[in-house]
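One structure is given here, and the rest of the page talks about it.
What follows draws every value from the coordinates through simple rules; no lab data is involved. Quantities reported herein were computed from a predicted structural model and do not represent experimental measurements. We place every Cβ from the backbone using ideal geometry, glycine too, and count neighbours over all the protein chains shown.
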Amino acid sequence: MHIPSQAPLHLLHHVAEGTLATHSREPEGFPYPTALPFALTAKHLPMLLISRLAEHTRNLQANAQAGFLVTHAGHGDVLEGQRLTMLGAFSPAARGESDRLARRYLRYHPQAARYLELGDFSFWVMKLARMRYIGGFGAMGWLSEDQLDPLEPLSYDDESSLCEYFDAYPGRPAGTRLMGIDRYGCDLQHEDCRNRFTFDKPKETRDELKLALIDCFERNV
């Protein structure tokens, strides 16, 4: 069925929490759902900051296969809103990747810095197998990993540079923080409100992304 272009990707960027469903070790054989904050990698895949003592972490260590659900209820009705169920496997972030993931994660969840200081928490990243998107009547179906984003992702260094550009720009909307930017849009935090600003089309170059940010500034002043 018809699914709007990049709709699952924009949904992932629009929300801050999801539901992780792991395989329970005890009692064995049951799904174990738990609500967790998350952020996305440069490839738009969920990354979790979880304690090695948590039940869901122990479940993943025994069986890495899991589901991850994100929803955005329209007018408070979950059945009228968007839903994305992702199926795949979670694994600990590679040793050389953790610092870059931490910088990105903390832009979305700055309060998580205290968990990193404990030394007990680490990043786990999802490897996506399939996903099912439901966006309303006639807009639903199964999608593969390459349908989430077919373009080369923006590098962490380029994204960090653009965030610095946003912070220094004199026309930046007061009280607004840029959490992240990708080729399809940017994620903004204004006081307690989170928003996804969607670009008119994918931006292929850094200059195009800069111009798109300026457009975002002007629309959000």
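In terms of Cα to Cα distance under 21 Å, which lysines are near enough to Lys127, apart from those fewer than 8 places away along the same chain?
Within the straight-line limit of under 21 Å, Lys127 reaches these lysines: Lys43.
Charges at C-beta only: +1 for Lys and Arg, -1 for Asp and Glu. How large is the resulting dipole of the chain about its Cα centre, in Debye rounded to 20?
Result for the chain is approximately 300 debye, rounded to the nearest 20.
Using the count of nearby Cβ atoms within 10 Å as a rough guide to exposure, how do Ile3, Ile181, Ile50 rank from fewest to most?
Least to most surrounded, the residues fall as Ile3, Ile50, Ile181.
Under a Cβ-Cβ cut-off of 13 Å, what is the net charge of the residues other than Trp124 that fall near it, where Lys and Arg count +1 and Asp and Glu count -1?
Once positives and negatives cancel, what remains is +2.
Using θ = phi - 60° and the Karplus form 6.51 cos²θ - 1.76 cosθ + 1.60, what ³J(HN,Hα) does each residue of segment 183-188 get, whole Hz, x for Gly and Pro?
Ordered by residue, 3J(HN,Hα) equals 6, 10, x, 9, 10, 10 Hz.
Which distance in Å, rounded to a whole number, links the C-alpha centroids of segment 1-31 and segment 47-93?
Segment 1-31 and segment 47-93 have Cα centres spaced 5 Å from each other.
Residues with beta-carbon under 14 Å from that of Pro46, excluding Pro46: net charge, scoring Lys, Arg +1 and Asp, Glu -1?
0
Just how large is the dipole of segment 104-171 about the Cα centre, in debye to the nearest 20, putting +1 at every Lys and Arg Cβ and -1 at every Asp and Glu Cβ?
Dipole size: approximately 460 debye.
So what is the relative contact order of segment 7-147, in percent, for Cα pairs below 8 Å that sit 6 or more residues apart?
24 percent.
Using DSSP to call loops (not H, G, I, E or B), can you name the GluC sites (Glu not before Pro) in segment 27-124 whose Cβ has at most 13 other Cβ atoms within 10 angstrom?
Sites meeting the loop and neighbour criteria: Glu28.
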